[in-house]
2 protein chains.
Amino acid sequence: MTVADRVRGGEQVAAARLMRDLDDRVPAAIETLRELWPHTGGAYVVGMTGSPGAGKSTLCDSLIGAYRARGLRVGVVAVDPSSPFSGGAILGDRIRMQRHATDAGVFIRSLATRGHLGGLSRSTGDVVAVLDAMGYERILIETVGVGQDEVEVASLAHISVVITVPGLGDDVQALKAGTLEIADILVVNKVDREGADRAVHDLESMLSLRPHVTPAPVLKTVALQGTGVAALVEAIESRREAALGADGEVRVRRRSRAQLLEILRDRLAVEVERRLAPTGGLDALAAQIAARRMDPYAAADAALRALLPGGRPA
Amino acid sequence: MTVADRVRGGEQVAAARLMRDLDDRVPAAIETLRELWPHTGGAYVVGMTGSPGAGKSTLCDSLIGAYRARGLRVGVVAVDPSSPFSGGAILGDRIRMQRHATDAGVFIRSLATRGHLGGLSRSTGDVVAVLDAMGYERILIETVGVGQDEVEVASLAHISVVITVPGLGDDVQALKAGTLEIADILVVNKVDREGADRAVHDLESMLSLRPHVTPAPVLKTVALQGTGVAALVEAIESRREAALGADGEVRVRRRSRAQLLEILRDRLAVEVERRLAPTGGLDALAAQIAARRMDPYAAADAALRALLPGGRPA
């Protein structure tokens with residue numbers, strides 16, 4: 001029985017090892033991912049984005065519960081460093097999550113936000129592919145969603161839920177400038193707090209300003225009490241067919257392109273190091289830059305010449 | 001008079017055009033940056049990191065004022081999409097900033113957080129270099145500091161100031177998991193709010209847990225009223241010599257390496273597109289992946305073969 005068979009059969013231990021090996025770029029793991037690839041594409045991938053403290057994790061937890069009640073299997077990829085799924089949260093949250101730890105229908109994987117340069121969305125893409133091939137019907141990606149690679153990670157999802165809370169004032173502005181464009185559904189969580197109506201109103205006004213776009217719905221929840229969760233599940237599910245169908249084509253291609261570029265970048269970085277090794281690698285060039293003996297562009301040229309002998313770009 | 005001369009002479013219009021051209025990778029602009037490179041290294045670069053609503057921009061504004069009072073010229077690079085410097089803030093903030101707009105001793109440049117893949121820290125590095133060559137003695141980089149590229153951007157600074165506010169609870173946890181390690185100075189802003197003492201205490205306890213490291217100081221400010229700003233300036237300035245001297249060597253090399261890698265990645269991506277153009281470029285490969293006819297790793301291999309004919313890595 002191959003590793004791919006094991007993973008497709010739902011063996012969590014084999015899958016966890018595969019994910020780790022993919023992160024380490026073990027060649028055999030990449031071969032396994034290739035075998036799994038034709039069996040992916042069945043999962044509905046939902047991005048859950050919001051700043052720390054917005055209550056994303058509690059909402060994810062509620063969604064897991066709702067999906068499990070429908071008999072659906074759920075995979076979770078936590079990219080948020082403050083997420084209890086990532087082990088970064090306060091004790092209460094972590095205890096709350098434990099109830100899923102023994103449920104074979106739930107698989108949770110957390111990813112560090114600071115590994116090698118630019119590799120976060122590659123890792124996330126790999127994990128989503130594995131969960132997909134394992135037959136998880138719903139995959140939640142939990143991200144903070146402020147930085148650029150966060151936005152790339154969000155682009156791995158079929159649909160993006162952006163979560164905010166009332167009373168942060170500036171936060172609505174931050175959403176406007178950043179994550180608002182990627183939101184298919186907006187959630188104002190903790191609506192039992194002061195300022196909830198204003199937050200909802202502000203968001204709706206902003207959304208209405210964009211021409212030729214059907215505004216994303218703004219939902220209200222109190223995740224800790226489960227209020228509004230059913231409506232959120234409904235909103236997510238009602239978009240599934242469109243997201244997986246023809247409407248989702250463009251998105252899938254964009255995602256595939258980003259994934260490809262990530263892998264390519266990683267490979268090229270390794271290759272550059274290998275070819276520069278005789279002269280001290282990138283570190284030697286960096287030392288030249290630091291000493292102002294060489295500018296970064298000249299150093300990049302030198303590295304390029306080592307990689308592409310005789311064929312430097314114009 | 002060359003563009004480099006103009007920029008070194010402090011011509012803001014020439015500098016702004018150069019920055020834009022660098023972003024567009026205009027070859028002549030890169031040549032100019034090369035000419036400027038030997039004249040960089042004099043500025044003290046200060047990272048200002050914190051979540052939206054923490055009051056970073058108000059603090060930056062206060063710092064600009066304090067430095068101007070000392071006769072120092074200040075450059076600002078705003079990477080935070082919610083920053084009033086980036087044009088993303090509420091009206092009051094933007095009006096407040098205006099007072100620097102006519103001051104020739106202040107240069108403000110904002111950068112979008114979502115350009116091409118992974119290019120943010122390259123752009124920021126370029127802008128810092130130009131400001132440095134222009135003779136700005138202090139350069140502030142304002143970032144949100146959650147995502148991975150944010151951390152890379154922060155690494156461009158000689159010193160990192162991390163700003164938080166009381167009462168967000170989870171935020172302290174987010175700091176713990178993320179930006180806390182990069183902080184040379186911590187600021188709890190809005191200490192007139194409830195929970196300020198607890199926030200300061202929590203931060204200090206966390207910092208004391210790290211062995212073999214002198215804990216970063218935790219300062220208290222009310223930026224809007226100017227409270228604590230003098231102490232912050234003092235804390236930043238007292239670290240200047242060490243940061244620019246031998247202590248900063250490692251940091252400078254790490255920064256140079258990151259900068260080099262960014263440029264190299266950009267160049268290689270362009271080169272890959274060029275070589276793949278006859279077969280439809282990366283888009284054609286992405287379409288194959290999306291249709292599950294090819295996995296992303298096989299597609300990356302195909303692209304690599306096009307780039308490095310006859311010399312595919314082992």
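Tabulated data
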| item | result |
| --- | --- |
| Test set (1) facing chain A (nearest Cβ under 7 Å); (2) more than 14 Å from A:Leu261 (Cα to Cα); (3) touching a residue at least 24 places away in the same chain (Cβ under 8 Å) - B:Leu261 fails condition number | (3) |
| Checklist (1) crowded, with 21+ Cβ neighbours inside 10 Å; (2) closer than 27 Å to A:Gly42 by Cα applied to A:Ala300, failing item | (2) |
| The range A:87-141 - residue that is among the acidic types (Asp, Glu) and part of a helix (DSSP H, G or I) and, of those, modelled with the lowest pLDDT | A:Asp93 |
| Helices (runs of 4 or more DSSP H) contained entirely in the range B:198-303, each with at least 1 residues that are over 28 Å from B:Gly125 (Cα atoms) and outside the structural domain of B:Leu63 (by TED's automatic domain parsing) | B:249-276, B:281-290 |
| Every residue from the range B:184-203 that is among the charged types (D, E, K, R) and buried (at least 18 other Cβ atoms within 10 Å of the Cβ) | B:Asp184, B:Lys190, B:Asp202 |
| Test: residue in the range A:296-309 that is more than 8 Å from chain B (Cβ to nearest Cβ), out of contact with any strand residue (DSSP E or B) (no Cβ under 8 Å at 6 or more places or on another chain) and modelled with pLDDT under 85 | yes |
| Some residue of the range A:160-180 being modelled with pLDDT under 75, in a helix (DSSP H, G or I) and among the acidic types (Asp, Glu) | yes |
| Where B:Arg25 falls short, out of the listed (1) assigned to a loop (DSSP other than H, G, I, E, B); (2) more than 15 Å from B:Ser123 (Cβ to Cβ); (3) within 11 Å of chain A (Cβ to nearest Cβ) | (2) |
| Filter result for the condition that a residue is free of Cβ contacts under 8 Å to residues at least 40 places away in the same chain, surrounded by fewer than 20 Cβ atoms within 10 Å (Cβ to Cβ), within 14 Å of chain A (Cβ to nearest Cβ) and not acidic (Asp, Glu), over B:Leu268, B:Leu276 | B:Leu276 |
| Scan of the range B:211-239 for residues that are of a type in the set (D, E, K, R) and farther than 17 Å from B:Lys190 by Cα, ordered by number | B:Glu234, B:Glu237, B:Arg239 |
| So B:Val229, is it over 22 Å from A:Glu262 (Cα atoms) and either aromatic (Phe, Trp, Tyr) or modelled with pLDDT of 90 or more (or both) | yes |
| Filter result for B:Gly195 (of a type in the set (Gly, Ala, Ser) and at pLDDT below 85) | yes |
| Filter result (crowded, with 22+ Cβ neighbours inside 10 Å and closer than 22 Å to B:Arg70 by Cβ) within the range B:231-262 | B:Leu232, B:Ile236 |
| Some residue of the range A:243-252 being within 7 Å of chain B (Cβ to nearest Cβ) and within 26 Å of B:Gln288 (Cβ to Cβ) | yes |
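The values are calculated or read from the model by the stated rules, or taken from the named source; none is laboratory data. This one's a predicted model, so the numbers in the text were calculated from it and none came from an experiment. FYI the Cβ positions are ideal-geometry reconstructions off the backbone, even for glycines, and counts take in every protein chain you see.
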